[in-house]
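Asker: I am attaching a structure below and will ask some questions about it afterwards.
The values are calculated or read from the model by the stated rules, or taken from the named source; none is laboratory data. Given the structure is predicted, the values throughout are model-derived calculations rather than measurements. Cβ coordinates were reconstructed from backbone atoms using ideal geometry, including for glycine residues, and neighbour counts include every protein chain displayed. With ligands, DNA and RNA removed, areas are computed over all heavy atoms of the protein, side chains included. Shrake-Rupley method; radii C 1.70, N 1.55, O 1.52, S 1.80 Å.
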Amino acid sequence: MIQHGGDDWDPAALPDLSGRMYLVTGANAGLGFFASEQLAAAGAHVVLSGRNPNRLAAAHDALEARNPGASVETLLLDVSNPGSIRAAAASVRGGLFSRSRLDGVLLNAGIVHTPRRRELTRDGRELVFATNALGHFVLAAELLTTLAKSASRRQNTRIVWLGSMSTHLGAPEPTDIQLENRYDAWQAYVQSKLVVHALGLEADARLREAGVPVDSVVAHPGYSIGGRTPRVHGVNEPSRWKRVRDGLQPFAQSKERGAESLVRALVDPDVRGGEYWGPRFWTLGRPVRQRPSRRALDQDVRTRVWQECERLTGIEWPFARAARAAR
Ligand SMILES: NC(=O)c1ccc[n+]([C@@H]2O[C@H](COP(=O)([O-])OP(=O)(O)OC[C@H]3O[C@@H](n4cnc5c(N)ncnc54)[C@H](OP(=O)(O)O)[C@@H]3O)[C@@H](O)[C@H]2O)c1
């Protein structure tokens, strides 16, 4: 499953990202925060997005305090809410931010601790699927033309989706994508991640076919937990008990380390569209290229989930417009 890279990528010495702009969803905590920090520390301008203004402000302040001179802005964005996605994407497209380009989007926001009982979003979608997968399908569609315009001027413009190693642990065939017949909290998570993975691979195939020079890549952070992660005021403040408990987990790493795979997928010039990246030792380690699960590679699954997302949202990705914008 894991293809050891054997290369000399150093997560602590990223290429100079000055002049580049990235948008990160769910940037106020966890992997999203540390990925944003690593991008900003390498000189990128980073738009931290999140659904809660107070948590977002705390993350913004913490990032600036830890990285004097970092170039960061915030954007309110609830990925489970189509209205919020449209408004946020319009702000980005309208150039409300200090840079008019967009070099990449890290589709990170997600529900990891899924509700025990099936819950719905305001517009009636199953919450875990809507947050982890469907909202990001819509956001990427809304930003595709902006990304393509940037790609016409500079290489390595990317959409990075958050997969999970759980998709290797017997993810079911996603026939009931919103778990209407039988909901189970673990299944809701694994299936949402399988859908994300399939969407990421399918997006890349469709981008290539349409001649859009934007890459779609899937990455996962292994097993990255808060109790092994540095304390950051307002962002990660685990209790002493959580530190002890998480410290006893031998196969876990910090979210700071986990973010390294996501960042590599977003900025390493050697990464190609359609690839899958994650930690070298599956749950932890430095980022290497990996092999997706059999089910995520299944063309039937990929086509089915793509069409289902189109049907549920009424949105088709603007491939032709993006290809024109990139010329
Ligand atoms: N940690 C791991 O080992 C692991 C493994 C595989 C994959 N992943 C994936 O990595 C991503 C981040 O995980 P994490 O461990 O960093 O989780 P986390 O610490 O719980 O952070 C999740 C982030 O997503 C945000 N979020 C949740 N629902 C949202 C919504 N509707 N709109 C906007 N933001 C929302 C949260 O914001 P709030 O603070 O407002 O809730 C938070 O910023 C997820 O997609 C997860 O599935 C994680």
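Asker: Return the long-range amide H neighbours of S224 (sequence gap of 5 or more, or a different chain), with a cut-off of under 5 Å between placed amide H atoms.
Answerer: Q253
Asker: Now for a separate question. Based on the Cβ-Cβ distance of R122 and A65, what FRET efficiency does E = 1/(1 + (r/R0)^6) give at R0 = 41 Å, to the nearest 0.05?
Answerer: Values: r = 35 Å, r/R0 = 0.85.
After rounding, the FRET efficiency stands at 0.70.
Asker: Loop only per DSSP, at most 12 neighbouring Cβ atoms within 10 Å: give me the trypsin sites (Lys or Arg not before Pro) in the stretch 199-249, ordered by residue number. Each step should come with its number before you reach the end.
Answerer: Values: sites: R206, R208, R228, R231, R240, K242, R243, R245; in loops: R231.
Qualifying residues, ordered by number: R231.
Asker: Amide H of L17 versus every other amide H placed in the peptide plane: which residues, excluding those fewer than 5 positions away on the same chain, fall under 5 Å?
Answerer: G43, A44
Asker: What are the ³J(HN,Hα) values, in whole Hz, obtained from phi via the Karplus relation 6.51 cos²θ - 1.76 cosθ + 1.60 with θ = phi - 60°, for each residue of the stretch 312-324 in sequence order, with x given for Gly and Pro?
Answerer: 5, 9, x, 10, 10, 4, x, 4, 5, 5, 5, 5, 5
Asker: Now, a different point. Can you tell me the accessible area per residue over the chain, all protein chains present, probe 1.4 angstrom, in square angstrom?
Answerer: Value for the chain: 43 Å² per residue.
Asker: Tell me, what HN-Hα J-couplings in whole Hz come from the Karplus equation 6.51 cos²θ - 1.76 cosθ + 1.60 at θ = phi - 60° for each residue of the stretch 153-161, using x for Gly and Pro?
Answerer: Each residue of the stretch 153-161 in turn: 9, 8, 7, 6, 8, 9, 10, 10, 9 Hz.
Asker: Further, regarding this structure: Could you compute the FRET efficiency for H233 and D16, with r as their C-beta to C-beta distance and R0 at 30 Å, rounded to 0.05? Present the calculation step by step, with values, prior to reporting the outcome.
Answerer: Details: r = 29 Å, r/R0 = 0.96.
Efficiency, from the Cβ-Cβ distance: 0.55.
Asker: Next up: Taking all protein chains as present, what is the carbon and sulfur share of the accessible area of the stretch 120-223, in % to the nearest whole number, probe 1.4 Å? If you can, show how the numbers build up before the last one.
Answerer: Values: 1520 of 3350 Å².
With neighbouring chains kept in place, the figure for the stretch 120-223 is 45 percent.
Asker: Using the Kirkwood formula over every pair of different C-alpha atoms, what hydrodynamic radius in Å results for the stretch 65-141? Write down the numbers at each step before the final one.
Answerer: Numbers: mean 1/r = 0.0710 Å⁻¹.
Computed over Cα pairs of the stretch 65-141, the Kirkwood hydrodynamic radius comes out at 14.1 Å.
Asker: Sorting check: for 160-166, 17-23, 291-297, 263-269, which peptide has the highest mean count of neighbouring beta carbons within 10 Å, and how do the rest follow? Spell out each step's value before the answer.
Answerer: Working: 160-166: 25.3, 17-23: 20.4, 291-297: 18.6, 263-269: 23.1.
The peptides rank, most packed first, as 160-166, 263-269, 17-23, 291-297.
Asker: Still on this structure, please answer the following. Can you compute 3J(HN,Hα) from phi for each residue in the stretch 283-294, using the Karplus curve 6.51 cos²θ - 1.76 cosθ + 1.60 with θ = phi - 60°, rounded to whole Hz and x for Gly and Pro?
Answerer: 8, 8, x, 6, x, 9, 6, 9, 9, x, 5, 4
Asker: A follow-up question, please. How much length would be gained if the chain were fully extended between R272 and R182, taking 0.36 nm per residue of separation minus their Cα-Cα distance, in nm to one decimal?
Answerer: Working: separation 90, 0.36 × 90 = 32.40 nm, distance 3.73 nm.
Stretched out fully, the R272 to R182 stretch lengthens by 28.7 nm.
Asker: Quick check on the chain: helices-only [θ] at 222 nm, where DSSP H runs of length 4 and up contribute -39,500 (n - 2.57) each and the sum goes over total residues. Nearest 500, please. Let's see the in-between values first.
Answerer: On the way: 10 runs with 131 residues, N = 327.
When only DSSP H runs of four or more count, the value is -12500 deg cm²/dmol.
Asker: Just flag the chymotrypsin sites (Phe, Trp or Tyr not before Pro) in the stretch 229-327 sitting in loop per DSSP whose Cβ has no more than 12 other Cβ atoms within 10 Å.
Answerer: Details: sites: W241, F251, Y276, W277, F281, W282, W306, F319; in loops: F251, F281, W282.
Answer in residue order: F251.
Asker: How big is the equivalent ellipsoid of the stretch 169-269 along its three axes, where each semi-axis is √(5λ) from the Cα gyration tensor, reported in whole Å from largest to smallest?
Answerer: Details: eigenvalues 187, 98, 22 Å².
They are 31, 22, 11 Å, listed from largest to smallest.
Asker: Then there is this: What number, in nm² with one decimal, is the all-direction average of the projected area of the convex hull of the alpha-carbon atoms of the chain?
Answerer: Numbers: hull surface 61.5 nm².
Mean shadow area of the hull around the Cα atoms is 15.4 nm².
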